[in-house]
Amino acid sequence: MNEPALGSAAPPPAWTSSIAVHHADDATADPRAALTRGLRAAHATGLALAEAAEGWILAAEADDLAEAFATLQRDAEEAVHRVEYILAGLRKGARGGTSWIGPAAAPAAAMAATLERVAQETLRLESLAHDLAEYQAARLLRMSAEEYQASARRLAALSSEEAP
């Protein structure tokens, strides 16, 4: 399978899912603590996505691929700001989160699947926030999840366009 055209220089690492969240532990733990833990992970993930996307923008030869990564970078940065806003409202800090993704060599299709997993984790947090009557937080998380899903669809489409 051919991948979207990248420059001859070594591309920055892609991202793959490293989600090792223990949701069973969250069910028995304090829901607010689980929300805070999840928000910190979402923050770390957004930072990792924004940083990785910057490298992929520079490495992309195809304009549509560079544009897709630029959109992802903006969306990830906005998601980080949303999470910071939510955490500030909860009087919590963003430090200490473990990212849901990690660097690895991966084709665009795998990156799209990773973004979809990030979106699903964000929707899980949205549901938890809603259950805790944190409705504004829930809405902001839903916005971020929808943006991640849109980026995943776009990367998947670009990946399939390049395939023979």
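Below, the figures for the structure above:
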{"item": "Residue 114, sole failed condition from (1) more than 17 Å from residue 157 (Cβ to Cβ); (2) in contact with a strand residue (DSSP E or B) (Cβ under 7 Å, 6 or more places away or on another chain)", "result": "(1)"}
{"item": "Evaluation of residue 135 against (1) of a type in the set (Phe, Trp, Tyr); (2) farther than 16 Å from residue 32 by Cα; (3) without any contact (Cβ under 8 Å) to a residue 12 or more places away in the chain (one fails), failing number", "result": "(2)"}
{"item": "Of all residues making up the stretch 57-114, the number that are part of a strand (DSSP E or B) and either within 26 Å of residue 129 (Cα to Cα) or at pLDDT 90 or above (or both)", "result": "2"}
{"item": "Enumeration of residues in the stretch 1-56 that are of a type in the set (Asp, Glu), at pLDDT below 75 and in a helix (DSSP H, G or I)", "result": "25, 26"}
{"item": "Unmet requirement for residue 93, which otherwise passes all of (1) under 17 Å from residue 143 (Cα atoms); (2) surrounded by fewer than 17 Cβ atoms within 10 Å (Cβ to Cβ)", "result": "(1)"}
{"item": "Some residue of the stretch 117-138 being buried (at least 16 other Cβ atoms within 10 Å of the Cβ) and touching a strand residue (DSSP E or B) at 6+ places or on another chain (Cβ under 8 Å)", "result": "yes"}
{"item": "Residues (over 16 Å from residue 42 (Cα atoms) and either hydroxyl-bearing (Ser, Thr, Tyr) or surrounded by fewer than 21 Cβ atoms within 10 Å (Cβ to Cβ) (or both)) located in the stretch 104-116", "result": "104, 105, 106, 107, 109, 110, 113"}
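The values are calculated or read from the model by the stated rules, or taken from the named source; none is laboratory data. Model, not experiment: these values are computed from the prediction. Neighbour counts run over all protein chains shown; Cβ positions are idealised from the backbone, glycine included.
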